[in-house]
Amino acid sequence: MTRAAAGALSVLLLAGCQSDPALHSARIGPAQYRLQVDRCHVIDRAQLESDLRTLAARTCPAGAEPLQNIQSLPSRQGSLFGECLRRGALQAEVRCKP
């Protein structure tokens, strides 16, 4: 296999599965955010909840109150070659401390 073909194949394989985890936050009110985490490779729900707490800490520099309204979501993670066998997503709301 030529070097260029090997490089192209590597890029294709890396693009197959989205970044893991995908973290998103959206402001829904004063100092209040909706957080979403989506993973291609999930061990258990506790892992997703840990990702949500990490995202809350990043979103709220002065600190975050406990997560509220935690809900499961359909995962949007996908791949070209089916390597996302245990995917999962959670959503929660958080209020930032003043």
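Results, tabulated for the structure shown:
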read-out: Probe 1.4 Å, protein heavy atoms only - accessible area per residue of the stretch 19-88 in square angstrom; value: 62 Å²
read-out: Ordering of 64-71, 23-30, 86-93, 53-60 by packing [mean C-beta count within 10 Å, highest first]; value: 86-93, 53-60, 64-71, 23-30
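The values are calculated or read from the model by the stated rules, or taken from the named source; none is laboratory data. The structure displayed is predicted, hence computed values, not measured ones. Methodologically, a virtual Cβ is constructed for each residue, glycine included, from the backbone with ideal geometry; neighbour enumeration extends over all protein chains shown. Only protein heavy atoms, including side chains, enter the accessible area calculation; ligands, DNA and RNA are left aside. Shrake-Rupley method; radii C 1.70, N 1.55, O 1.52, S 1.80 Å.
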